[in-house]
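The values are calculated or read from the model by the stated rules, or taken from the named source; none is laboratory data. Remember, predicted model here, so these are calculated numbers, not experimental data. Here Cβ is always computed from backbone atoms with ideal geometry, including for glycine, and neighbour counts include all displayed protein chains.
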Amino acid sequence: METTESVDIKAAEKDAKAIERRNTFWVFFILGGLILISLIYAGVNIYYTYLVVYIWFGLAYGMMLQAGRFCMASASRDLFAAGVPRMAVGIMVALIFFSLVQAFLHATDMSTFHPAPFGIYLTLAGIVFGIGMVLAGGCASGTLYKVGEGNGTSMLGLFGICFGQALFVITPMNALVPQAWVQRSQEVIAAQGIPSEYLRAWFDYYLKGYISTKPIYHIAELDFIKNTFSGASRFFIGDALLNAIVPAVLLLVVIYAFYVRKGFIKKVRKKKGKSGLGDELRGFWGMITASKRTTLMGVLIGITAGLHIWVLAGMRHKFAVENFGQLLTKMGHAHDVALFGTVFDPGYWYITSQEAQFGAWVLEKLGIDMRHNIFFGVNNGIPELWRNPALWMSIGIILGAMVMSLINKEFKWKAPKGELIVFGLLGGFLMGMGSRPSLGCNVGAFFIRVAGGDPGGWMYFIGMAIGAFVGVKFFNWYTERKMAKQMEAFDL
Amino acid sequence: MALKFEKTGEGTYMLDVCGYVCPHPQIYTKKSLEKMAEGEIVEVYIDNPSSVETVEQMCNQAGHEILEKRTEGGKIIIKIEKG
């Protein structure tokens with residue numbers, strides 16, 4: 001005769017098998033769907049294979065982000081709030097590997113990377129983004145992978161990122177624009193042959209009257225580096241070693257000293273009665289390997305991001321174009337592209353601009369003029385969603401994370417409730433507003449730039465760290481109040 | 001979704017952070033442990049897998065002992081003794 005306990009165990013096993021079968025079905029459905037979509041694109045026009053590359057690299061990023069729990073918000077938040085460095089370590093490891101791959105691509109002239117103008121604006125935007133990512137519970141890339149896990153708060157965060165950016169760049173606020181920006185903008189657009197109707201909102205003046213005045217630095221191209229290191233070595237020494245590896249290792253040492261060393265050395269001294277340099281090195285290495293999954297995914301993301309650049313450079317070479325907009329124009333979709341025939345086509349891992357395009361596409365359908373501005377009208381265009389290459393990368397990331405979370409039995413629809421609705425939306429809007437002025441987010445403005453030899457990436461990183469610190473302080477205050485209420489009933 | 005922190009016995013507590021996503025579960029767990037005395041035990045109910053990994057590492061670094069970790073219908077229950 002079966003006991004109640006054994007009946008319960010059998011029922012639980014049956015449920016687990018049903019979940020596994022359901023998850024397996026959805027994994028095959030998603031992958032089969034993407035294969036079908038890829039074949040349809042390739043069948044309609046061979047040029048669309050360019051877009052298919054973005055889909056599959058997006059899927060790979062999504063799988064790795066989910067598997068490694070890779071998120072810049074987690075990195076700073078876990079470090080500042082819980083003293084846990086695993087994610088921060090994983091991101092630095094990824095950066096080191098990606099910088100080496102980037103240097104190789106530069107050295108072989110297969111890189112699509114371009115540095116951005118350098119200035120304090122990067123740090124200021126990073127602060128806004130940093131506060132936003134802590135509130136929303138995920139950075140730009142983290143939000144996407146968490147959407148793939150069924151996280152409703154992250155869906156609100158994504159909504160905020162899309163529409164926060166789109167609205168931010170068309171908001172007038174022209175009374176706040178300095179006269180010098182206005183004058184400079186008019187000169188620049190006249191020289192570039194841009195009609196004056198594209199200069200309307202504050203962001204247009206910001207881009208043409210402020211950003212265009214900023215210097216652009218690429219470490220490997222600096223005279224000192226070029227004169228000291230000949231040939232391809234300047235990319236490995238200037239871009240990878242000096243701009244990425246040395247600062248990343250220094251940051252790892254700081255993290256070890258402030259967050260890991262005390263506890264580790266205490267344990268060693270308790271056991272052996274003393275500690276030496278060997279113990280310090282073991283402690284440092286232990287920190288690197290504390291979360292093997294995050295570190296391993298960091299390495300894989302770094303390599304994949306490099307491979308992505310290499311493949312897209314190859315596609316551009318094959319089709320003899322520099323931007324997907326040229327292919328869209330050839331296929332007769334001139335309405336998709338910006339003034340000079342380009343669309344947003346970064347050529348590498350990027351997150352936020354395509355989400356701004358999605359927001360703009362929706363707002364345009366609602367009757368708002370989204371094309372007479374510099375950001376969409378002149379630089380990035382507003383392609384139909386199914387012809388937007390970078391947007392497909394974001395969709396791929398969501399689906400990749402969904403596949404991985406289904407395989408790991410971690411997928412769960414989680415509707416946002418209570419204060420999480422406010423945090424998700426507000427955090428998303430702040431991330432949107434913190435990524436547009438810096439021309440990128442934690443991926444485009446930090447990760448890619450630092451690894452590519454652009455020191456401006458560190459300016460954004462400093463801002464993100466400050467913003468995350470402020471966000472964590474807020475959370476500490478908020479959670480302290482909530483816990484105090486819970487503990488009212490008894491003495492603690 | 002509602003945060004719950006209850007005393008379940010002498011020196012034992014229950015923290016329910018189901019429905020919450022990062023960073024709430026790990027912050028509430030940290031705050032609970034900060035208030036408790038050494039040797040006291042808390043059972044934390046979480047349904048956000050990435051928070052579980054942070055909580056585990058946080059306990060390891062801070063010297064708290066994870067006595068038990070089990071899954072019950074989508075919830076992960078971690079029993080922690082404050083060290």
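Odds and ends about this structure:
- Checking A:Leu385, A:Leu366 one by one, the residue that is surrounded by fewer than 17 Cβ atoms within 10 Å (Cβ to Cβ) and out of contact with any Phe, Trp or Tyr (no Cβ under 8 Å at 6 or more places or on another chain) is A:Leu366 and no other.
- Of the helices (runs of 4 or more DSSP H) lying entirely inside segment A:397-492, those carrying at least 2 residues that are within 14 Å of chain B (Cβ to nearest Cβ) and either under 18 Å from the mean Cα position of the chain (by Cα) or without any contact (Cβ under 8 Å) to a residue 60 or more places away in the chain (or both) are A:419-435, A:456-486.
- Residue check for B:Gly74: among the small types (Gly, Ala, Ser), loosely packed, with under 14 Cβ neighbours inside 10 Å and within 9 Å of chain A (Cβ to nearest Cβ): yes
- Restricting segment A:184-227 to residues that are of a type in the set (D, E, K, R) and in a helix (DSSP H, G or I) leaves a set whose member that is surrounded by the most Cβ atoms within 10 Å (Cβ to Cβ) is A:Asp204.
- For A:Arg77, the criteria (1) more than 14 Å from chain B (Cβ to nearest Cβ); (2) out of contact with any Ser or Thr (no Cβ under 7 Å at 6 or more places or on another chain); (3) among the charged types (D, E, K, R) hold in every case but one, which is (1).
- For B:Glu43, the criteria (1) at the interface with chain A (Cβ under 10 Å from one of its Cβ atoms); (2) surrounded by fewer than 20 Cβ atoms within 10 Å (Cβ to Cβ) hold in every case but one, which is (1).
- Some residue of segment B:22-32 being among the aliphatic types (A, V, I, L, M) and over 24 Å from A:Lys473 (Cβ atoms): no
- A:Phe57 being assigned to a helix (DSSP H, G or I), surrounded by 22 or more Cβ atoms within 10 Å (Cβ to Cβ), touching a residue at least 24 places away in the same chain (Cβ under 8 Å) and out of contact with any Asp or Glu (no Cβ under 7 Å at 6 or more places or on another chain): yes
- A:Val378 surrounded by fewer than 24 Cβ atoms within 10 Å (Cβ to Cβ), closer than 16 Å to A:Phe163 by Cα and in contact (Cβ under 8 Å) with a residue 24 or more places away in the chain: no
- Filter result for A:Glu322 (in contact (Cβ under 8 Å) with a residue 60 or more places away in the chain and either among the acidic types (Asp, Glu) or buried (at least 23 other Cβ atoms within 10 Å of the Cβ) (or both)): no
- Residues (in a helix (DSSP H, G or I), within 14 Å of chain B (Cβ to nearest Cβ) and more than 15 Å from the chain's Cα centre (by Cα)) located in segment A:149-182: A:Gly152, A:Thr153, A:Met155, A:Leu156
- Applying the criterion of being among the small types (Gly, Ala, Ser) and more than 13 Å from chain B (Cβ to nearest Cβ) to the residues of segment A:127-148, the residue that is surrounded by the most Cβ atoms within 10 Å (Cβ to Cβ) is A:Gly132.
- Sole residue being within 9 Å of chain A (Cβ to nearest Cβ) and surrounded by fewer than 16 Cβ atoms within 10 Å (Cβ to Cβ), chosen from B:Glu38, B:Glu6, B:Glu65: B:Glu6
- In segment A:106-126, of all residues being of a type outside the set (Ser, Thr, Tyr) and crowded, with 22+ Cβ neighbours inside 10 Å, the one that is modelled with the lowest pLDDT corresponds to A:His106.
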